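See structure below.
The values are calculated or read from the model by the stated rules, or taken from the named source; none is laboratory data. These figures come from a predicted structure and were not determined experimentally. Counting neighbours? That spans all protein chains shown, and the Cβs are built from the backbone with ideal geometry, glycine included. SASA here: full protein model, heavy atoms, side chains in, ligands and nucleic acids out. Shrake-Rupley method; radii C 1.70, N 1.55, O 1.52, S 1.80 Å.
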Amino acid sequence: MAPVRTTGAVVAAISVTMALLSLFLYKSKPSSKKLPSKKNPRNGLLGAIGNTPLIRINSLSEATGCEILGKCEFLNPGGSVKDRVAVKIIEEALESGDLAPGGVVTEGSVGSTAISLATVAPAYGCKCHVVIPDDVAIEKSQILEALGATVERVRPVSITHRDHFVNVAKRRASEANEFALKHRKDDANQKGVANGTTEKTNGFQYDEEKQSLFSRNCTGGYFADQFENLANFRAHYEATGPEIWEQTGGNVDVFVAGAGTGGTLAGVSKFLQERNSNIKCFLIDPPGSGLFNKVTRGVMYTREEAEGQRLKNPFDTITEGIGINRITKNFMMAKLDGAFRGTDKEAVEMSRFLMKNDGLFLGSSSAMNCIGAVRAAQSIGPGHTIVTILCDSGMRHLSKFFCADYLSQYGLTPSASGLEFLGVG
């Protein structure tokens with residue numbers, strides 16, 4: 001009977017061991033439920049800007065045979081890639097002493113940079129004053145006003161005109177500085193930037209008492225100057241570019257994007273090509289812009305313009321945020337290998353295609369960037385990794401880019417069933 005008892009003890013010991021092992025393995029097994037991140041919470045609104053996801057755009061990748069990746073800048077708190085620029089501009093201005101808490105940041109913008117400035121300025125104790133063309137989607141002005149910014153809507157004119165929206169914004173910064181100086185000298189008697197006078201600028205009624213352009217405790221003004229301020233370029237060279245490099249593990253063949261100020265294209269292209277000179281960087285340019293010609297032919301004007309036969313007004317495009325007819329200091333920093341051209345109809349079709357096939361509700365410049373990605377894929381062939389920027393969502397483009405009646409007026413009603421409008425399919 002002794003052997004039986006020994007066998008029973010061994011069996012019992014084995015059973016206990018197996019039970020303990022099973023318990024250990026069960027507890028060690030990774031849970032299918034996602035665990036909370038061990039990272040510390042981000043520090044306020046500013047801490048939530050940047051480090052946006054890089055996603056595979058499945059429909060375009062499958063159609064072209066390339067890995068087409070989009071950086072989701074629309075997930076920034078202010079809803080666009082311009083959040084990065086706004087933070088960099090304000091922080092550098094504060095560090096230099098050109099801006100102080102209580103000051104007003106002024107900018108001429110078609111919307112996204114202005115919204116980003118209005119979003120982040122309060123975090124620095126500042127206000128925002130925006131001058132915007134009156135042909136920009138009305139919801140952008142509504143968002144700006146809801147954010148507490150002062151908004152001037154003016155008629156679109158050439159940059160050489162004193163009342164171009166950028167030039168007006170620059171003047172407003174100077175006026176804010178004059179206003180603050182006069183109030184410091186004689187706070188009791190001073191009334192308004194121009195002693196209570198009224199000025200009408202390019203369709204906007206300038207009236208200190210009615211519009212309250214500057215509060216009495218304004219410490220001065222600072223013109224953000226997104227087109228020429230190289231803080232724009234540095235925001236992308238120091239952050240967006242490195243993020244793309246890290247998120248792709250350095251496995252990127254092409255970067256393509258449109259350019260308005262040129263900051264994103266310049267900062268990212270310069271960083272990536274410094275890391276790997278074999279990476280190709282391309283511009284995608286909308287109608288009315290001269291950058292395609294500058295990159296491909298060395299001149300800003302088209303052959304038609306050279307012959308005096310331009311068919312379109314340079315402002316006649318529904319693609320907002322990219323395209324320009326001058327070279328900015330930011331754009332001069334770009335390292336480009338070529339350029340593609342897109343049309344308004346292609347941008348409209350692309351936006352609907354991505355919404356239908358990928359659930360991506362993107363704005364006009366994002367759609368144009370995706371056209372650039374497909375053009376790049378067609379140019380270099382399958383098997384490559386192409387990165388572009390998804391600048392903002394379609395929420396700021398409802399009254400024009402996503403308005404059926406508006407599109408119908410210009411013959412831009414979408415009709416494609418696939419990507420045939422780009423020769424893919």
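Scan the range 335-372 for residues that are in contact with a Lys or Arg (Cβ under 7 Å, 6 or more places away or on another chain) and under 18 Å from residue 282 (Cα atoms) and report the count.
3
Only one of 4, 16, 10 is at pLDDT below 95, open to solvent by 90 Å² or more (accessible area, probe 1.4 Å) and not small (Gly, Ala, Ser); which?
Residue meeting the stated conditions: 4.
Filter the range 277-290 down to the residues that are under 22 Å from residue 247 (Cα atoms) and in a loop (DSSP other than H, G, I, E, B) and list them by number.
Of everything in the range 277-290, those that are under 22 Å from residue 247 (Cα atoms) and in a loop (DSSP other than H, G, I, E, B) turn out to be 277, 278, 279.
Do we find a residue being more than 21 Å from residue 411 (Cβ to Cβ), at pLDDT below 95 and part of a helix (DSSP H, G or I) anywhere in the range 254-276?
Within the range 254-276, not a single residue is more than 21 Å from residue 411 (Cβ to Cβ), at pLDDT below 95 and part of a helix (DSSP H, G or I).
Does residue 146 meet the test of being over 25 Å from residue 323 (Cα atoms), open to solvent by 20 Å² or more (accessible area, probe 1.4 Å) and either free of Cβ contacts under 8 Å to residues at least 60 places away in the same chain or in contact with a His (Cβ under 8 Å, 6 or more places away or on another chain) (or both)?
Criteria met by residue 146.
Quickly run through the range 350-371 and pick out the residues that are surrounded by fewer than 24 Cβ atoms within 10 Å (Cβ to Cβ), in a helix (DSSP H, G or I) and not hydrophobic (A, V, I, L, M, F, W, C).
Those that are surrounded by fewer than 24 Cβ atoms within 10 Å (Cβ to Cβ), in a helix (DSSP H, G or I) and not hydrophobic (A, V, I, L, M, F, W, C): 352, 356, 357, 358.
If you go through the range 399-425 one residue at a time, how many are more than 29 Å from residue 378 (Cβ to Cβ) and loosely packed, with under 13 Cβ neighbours inside 10 Å?
Of the residues in the range 399-425, 4 are more than 29 Å from residue 378 (Cβ to Cβ) and loosely packed, with under 13 Cβ neighbours inside 10 Å.
Quick check on my filter: what residues within the range 334-349 are in a helix (DSSP H, G or I) and surrounded by fewer than 20 Cβ atoms within 10 Å (Cβ to Cβ)?
345
Mind checking which pairs have a first residue in the range 315-331 that is closer than 22 Å to residue 74 by Cα and at pLDDT below 90 and a second that is open to solvent by 20 Å² or more (accessible area, probe 1.4 Å) and among the aromatic types (Phe, Trp, Tyr), Cβ under 9 Å, 6 or more apart or different chains?
Sorted first by the residue in the range 315-331, then by its partner, the pairs are 318/406; 318/410.
Are any residues in the range 101-127 surrounded by 22 or more Cβ atoms within 10 Å (Cβ to Cβ), under 13 Å from residue 215 (Cα atoms) and small (Gly, Ala, Ser), and if so, which ones?
The one that is surrounded by 22 or more Cβ atoms within 10 Å (Cβ to Cβ), under 13 Å from residue 215 (Cα atoms) and small (Gly, Ala, Ser): 103.
So which residues in the range 87-100 are open to solvent by 40 Å² or more (accessible area, probe 1.4 Å), of a type in the set (Gly, Ala, Ser) and touching a residue at least 40 places away in the same chain (Cβ under 8 Å), if there are any at all?
Within the range 87-100, 100 is the sole residue that qualifies.
Check residue 86 against each of (1) of a type outside the set (Ser, Thr, Tyr); (2) within 26 Å of residue 320 (Cβ to Cβ); (3) in contact with a Lys or Arg (Cβ under 9 Å, 6 or more places away or on another chain) and name the one condition it does not meet.
In the conditions (1) of a type outside the set (Ser, Thr, Tyr); (2) within 26 Å of residue 320 (Cβ to Cβ); (3) in contact with a Lys or Arg (Cβ under 9 Å, 6 or more places away or on another chain), residue 86 misses (3) alone.
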